Amino acid sequence: MENKEIINKVNDFLIDEFELEEDQLIPTASLKETLEIDSLDYVDLVVIIERNFGFKVKGEDFATIKSLQDFYDYIISRAKAN
Amino acid sequence: MNRVVITGMGIYSTIGKNIEEVNNSLYTGKSGIGFEPLRKELGFRSGLTGILDQPNLKGELKRRQRVGMAEEGEYAYVATIEALKQAKIDDDFLDTRDVGILYGNDSSAKSVVESYDLLREKKDTALLGSGAIFQSMNSTITMNLSTIFRLRGINLTVSAACASGSHAIGMGYHFIKSGLQDIIICGGGQEINYHSMGSFDGLAAFSIRENEPQKASRPFDRDRDGLVPSGGAATVILESYESAIKRGATIIAEVIGYGFSSNGDHISVPNVEGPAKSLEMALKDAQLRASQIDYINAHATATPVGDLNEAQAISKVFGARTPYVSSTKSMTGHEMWMGGASEIIYSVLMMQNSYVAPNINFENPDEYSEKLNIAAETIKNHNIDIFLSNSFGFGGTNSSLIVKKFK
């Protein structure tokens with residue numbers, strides 16, 4: 001899967017499942033402060049990532065993911081490693 | 001001691017999704033019962049159930065507010081929005097006053113079943129999502145509504161089987177009467193899905209008159225063959241008289257009596273003494289004689305033994321001349337954890353609009369129901385100043401509420 005394809009897929013579920021607007025999805029946006037993804041939302045992210053990309057995220061992996069770009073990079077690296 | 005009044009009502013039920021629709025259905029004797037073929041495929045003895053659509057709350061509530069809400073929570077949200085609106089309680093009011101919530105609920109099975117099906121498949125609890133735990137607890141309604149409406153008062157769920165909603169109002173009455181709280185959102189909610197009803201169906205207590213769903217719920221009728229499970233949610237705003245007057249709220253009715261008892265007997269078979277004791281206690285609390293009650297909304301679910309014993313309990317307390325009696329479960333089916341609250345609303349609507357809703361499908365009495373003055377048809381132009389509503393549940397829990405027209 002190409003990087004762009006992965007990013008589009010991530011954006012799609014953030015819009016569909018998390019009800020974010022497309023123009024909110026700026027790579028520098030903070031997941032917590034700007035996109036208002038809270039600790040419970042991370043539990044749902046684990047489920048959605050597994051459904052979309054087939055791998056399981058450990059809760060502690062989210063500790064270093066601050067911005068949307070960090071999130072894209074993490075998904076890309078895990079998706080390609082699988 | 002404070003006087004306790006009702007300043008708002010809201011409902012989402014099989015006979016109407018708001019107060020106006022429900023009032024029309026009650027007046028015309030409309031049934032909310034249908035047949036769900038899936039139940040038969042799953043091995044249910046009866047495919048009969050109340051029929052109710054899920055409200056669509058997308059756009060109305062944020063995702064985080066919705067993911068932890070089970071079906072009965074969604075019903076309760078819709079009912080509570082209507083009740084708060086009628087009570088003229090807005091967001092600013094909720095942010096500045098201590099409003100409580102006491103809601104009846106006694107199961108939230110669907111989320112439990114679905115998450116364990118998923119766990120067996122995935123073998124990883126991390127894949128169950130964040131909402132399942134909040135959906136699956138008995139207190140799901142109060143935990144969700146207290147968060148959505150930012151409530152700061154008493155916050156708990158009353159679980160007392162089919163008397164849950166009635167006891168919730170009774171508890172709210174006492175909290176306000178004693179001055180502990182000024183305003184409490186009270187009510188009852190009931191899931192209507194098959195997940196919650198399989199084990200109850202297994203007791204063979206449900207009607208199997210599947211060829212005539214709308215004639216299946218026949219409380220007090222000689223040929224009744226069991227109850228029809230149903231659901232929804234009903235909310236009443238209880239408030240101290242002083243608070244209602246001070247803020248200029250419209251007072252709908254006054255709660256004047258609450259009686260309760262426990263049978264101390266069989267887990268599922270009711271008796272006569274326990275319900276009679278609850279009725280008598282409510283009358284005593286309201287400082288009334290039985291002859292002053294204008295209408296009884298019976299618990300009668302259409303099970304052979306339950307109706308028989310309630311008819312005897314009513315006769316024991318009211319003697320040979322009973323007021324009009326009807327079981328609105330003939331139309332709604334048995335709303336279980338919700339029923340004690342919805343039946344207060346049904347009866348208040350009759351009181352406000354001067355009629356007695358019919359006990360539909362009452363064609364022939366049995367030896368005990370023939371002693372009651374059962375309204376088989378709508379009794380039009382009938383003044384109700386005071387009514388009594390009974391609710392009884394598994395474990396022998398009994399609750400009786402008396403409500404008076406506000407003058």
Burial ordering of B:L238, A:L40, fewest other beta-carbon atoms within 10 Å first: A:L40, B:L238
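Averaged across the residues of B:122-133, what count of C-beta atoms belonging to other chains lies within 10 Å of each residue's C-beta? Mind dumping the intermediate values first?
On the way: counts 3, 0, 4, 0, 8, 6, 3, 6, 10, 3, 1, 2.
Per residue, the average neighbour count from other chains is 4.
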Cα-centred dipole magnitude for the stretch B:232-374, charges only on beta-carbon of K, R (+1) and D, E (-1), debye, nearest 20: 380 debye
Where labels lie 7 Å past Cα in the beta-carbon direction, separation of A:T28 and B:N381 in nm: 7.8 nm
Inter-centroid distance (Cα atoms) of the stretch A:52-71 relative to the stretch B:202-265, Å: 49 Å
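Which trypsin sites (Lys or Arg not before Pro) in the stretch B:150-195 pass both tests, a DSSP loop state and at most 16 other beta-carbon atoms within 10 Å?
Values: sites: B:R150, B:R152, B:K177; in loops: B:R150, B:R152.
Taking the stretch B:150-195 and a limit of 16 other Cβ atoms within 10 Å, the loop trypsin sites (Lys or Arg not before Pro) found are B:R150, B:R152.
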Helix-derived mean residue ellipticity, 222 nm - over chain B, DSSP H n ≥ 4, -39500 (n - 2.57), to 500: -10000 deg cm²/dmol
Paired Rg and Dmax values of the stretch B:4-246, which use every Cα atom, in angstrom: 18.8, 57
Residues with amide H under 5 Å from that of B:G8, placed H, sequence gap 5 or more: B:I237
At most 16 other Cβ within 10 Å, DSSP loop - chymotrypsin sites (Phe, Trp or Tyr not before Pro), the stretch B:112-199: none
Beta bridges per DSSP with both ends in the stretch B:261-405, % antiparallel, nearest 5: 60 percent
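Net charge near B:Y241: determine it from the other residues with C-beta under 9 Å of the C-beta of B:Y241, scoring Lys and Arg +1 and Asp and Glu -1. It would help to have the intermediate numbers written out before the result.
Working: positive: B:R3; negative: B:E239, B:E242, B:E254.
Charge balance near B:Y241 sits at -2.
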Volume per residue that the Cα convex hull of the protein assembly as shown spans, once the total is divided by residue count, Å³: 154 Å³
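Provide B:V305, B:V112, B:V4 in ascending order of the number of other Cβ atoms located within 10 Å of each residue's Cβ, fewest first.
Details: B:V305 13, B:V112 18, B:V4 24.
Sorted ascending by nearby Cβ count, the order is B:V305, B:V112, B:V4.
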Reach of B:K329 by Cα under 24 Å, taken over lysines that are not fewer than 8 positions away in the same chain: B:K17, B:K30, B:K40, B:K110, B:K215, B:K277, B:K316, B:K371, B:K380, B:K404, B:K405
Segment B:F93-B:L61, length gained on full extension (0.36 nm per residue, minus Cα span): 9.6 nm
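Going through the DSSP H helices of chain B, which span 18 Å or more along their own axis at the Cα atoms while scoring at least 0.5 as a mean Kyte-Doolittle hydropathy?
Working: long enough: B:71-86 (23 Å, -0.45); B:109-122 (20 Å, -0.56); B:164-177 (19 Å, 0.08); B:273-286 (20 Å, -0.44); B:304-318 (21 Å, 0.16); B:339-353 (21 Å, 0.56).
Result, helices passing both filters: B:339-353.
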Net dipole in debye of the stretch A:3-81 [+1 Lys, Arg Cβ; -1 Asp, Glu Cβ; about Cα centre; nearest 20]: 560 debye
Chain B: C-alpha gyration tensor shape, a/c 1.5 cut-off, then a/b vs b/c: oblate
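Provide B:K85, B:K17 in ascending order of the number of other Cβ atoms located within 10 Å of each residue's Cβ, fewest first. Working shown, then result.
Values: B:K85 12, B:K17 19.
Ordered from fewest to most neighbouring Cβ atoms within 10 Å, B:K85, B:K17 come out as B:K85, B:K17.
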Along each principal axis, Cα extent of the stretch B:262-407, largest first, Å: 41, 35, 31
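I need the shape label for the stretch A:3-81. Rule: rounded when a/c is under 1.5, else prolate if a/b > b/c, else oblate, with a, b, c from the alpha carbon gyration tensor.
On the way: a/c = 1.32, a/b = 1.16, b/c = 1.14.
Since a/c stays below 1.5, the shape of the stretch A:3-81 is classed as rounded.
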Per-pair calculated FRET efficiency, R0 = 25 Å: B:T125 and A:K9 via Cβ, rounded to 0.05: 0.50
For A:42-51, mean number of other protein chain Cβ atoms within 10 Å: 4
Integer Hz, Karplus 6.51/-1.76/1.60 couplings in order for the stretch B:31-44, x for Gly and Pro: 8, x, 9, x, 10, 10, x, 4, 4, 5, 4, 7, x, 5
Positive dipole terminus of the protein assembly as shown, leading residue within B:Y355, A:T64, A:V46 (C-beta point charges): B:Y355
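Every number in this text was worked out from the coordinates using simple rules, so none of it is lab data. Being a predicted model, the structure only gives us computed values, none of them experimental. Note that each Cβ is placed from the backbone with ideal geometry, even for glycine, and that neighbours are counted across all protein chains shown.
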